[in-house]
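Asks: Handing you this structure, nothing more for now.
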Amino acid sequence: VATVNNGKVTAVGKGTATITATLTTGEKLTCKVTVVNSPKLTLSNVILKSGASRTIKAVGGTVKSWTTSNKNVAIVNNGKITALNKGTATVTATLTTGKKLTCKVTVTTAPRLSKTTVKVKKGGTAIVKVSGKVATINNKYTNTKVAKITSKTNDVTLKIKGLKKGTTTLKIKVNGVKTLNLKVNVK
């Protein structure tokens, strides 16, 4: 309910507590403390698809810091939870009082490509869409001598250019956590 440090009483949770001060003479003085509102988060459970976000807030307390238990699943910045990849994580708000409030985050989908295999003519271009991508996180591409991605790193529409005849696999890292393989056949 409450903590005390050198006479400073800090509310921790809803309820009633008695604070006791023992004097050097052995006499005990008491003070009854009632905390009416326990700090809490606006949501305790969030379900998101990859690429989506949701903001939660602390009510009845001031947040000192936000953390996530799994940065490959979701990240958090000032209470804004952003889903990166399928899985679960726990977002924790640490209040200035030291109390920790948690929210379970479930990400139901992973980033994916609209196609996993494309055919393209030498010098030509094929288009593949990326779903589940966070707008603020750049894709990272691993190109080959057979084909390369010519799109900007933040695009959700990938342009694959055929460089020379052959078959290759391009790698696209989405949201900084999920590497997707795209097989390219250049004719």
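Asks: Could you check the simple spin-label distance between residue 88 and residue 36, using points 7 Å along Cα→Cβ, in nm with one decimal?
Replies: For residue 88 paired with residue 36, the spin-label model returns 3.7 nm.
Asks: While we're looking at this one, here's another question. Mind ranking 11-24, 144-157 by how tightly packed they are, going by the mean number of other C-beta atoms within 10 angstrom, highest first?
Replies: Ranking the peptides 11-24, 144-157 by packing returns 144-157, 11-24.
Asks: With every protein chain present, what is the per residue accessible area of the range 120-187 (1.4 Å probe, Å²)?
Replies: Roughly 54 Å² per residue, with all protein chains present.
Asks: Sum up the charges of everything whose Cβ sits under 9 Å from the Cβ of residue 139, counting Lys and Arg as +1 and Asp and Glu as -1, but leave residue 139 out.
Replies: +3
Asks: When all protein chains stay in place, what accessible area (Å², nearest 10, 1.4 Å probe) is found for residue 142?
Replies: Its heavy atoms expose roughly 80 Å² to the probe.
Asks: Out of these labelled values of P(r) over Cα pairs in 10 Å bins from 0, in percent, (1) 10, 40, 37, 13, 1; (2) 10, 34, 33, 18, 5, 1; (3) 9, 26, 19, 15, 11, 8, 6, 3, 1, 0, which was calculated from the coordinates shown here?
Replies: Correct label, based on the coordinates given: (3).
The values are calculated or read from the model by the stated rules, or taken from the named source; none is laboratory data. Everything numeric here is computed off the predicted structure, so don't read it as measured data. Cβ atoms come from the backbone with ideal geometry, glycine included; neighbour counts cover every protein chain shown. Surface areas here come from the heavy atoms of the whole protein model, side chains and all, with no ligands, DNA or RNA. Shrake-Rupley method; radii C 1.70, N 1.55, O 1.52, S 1.80 Å.
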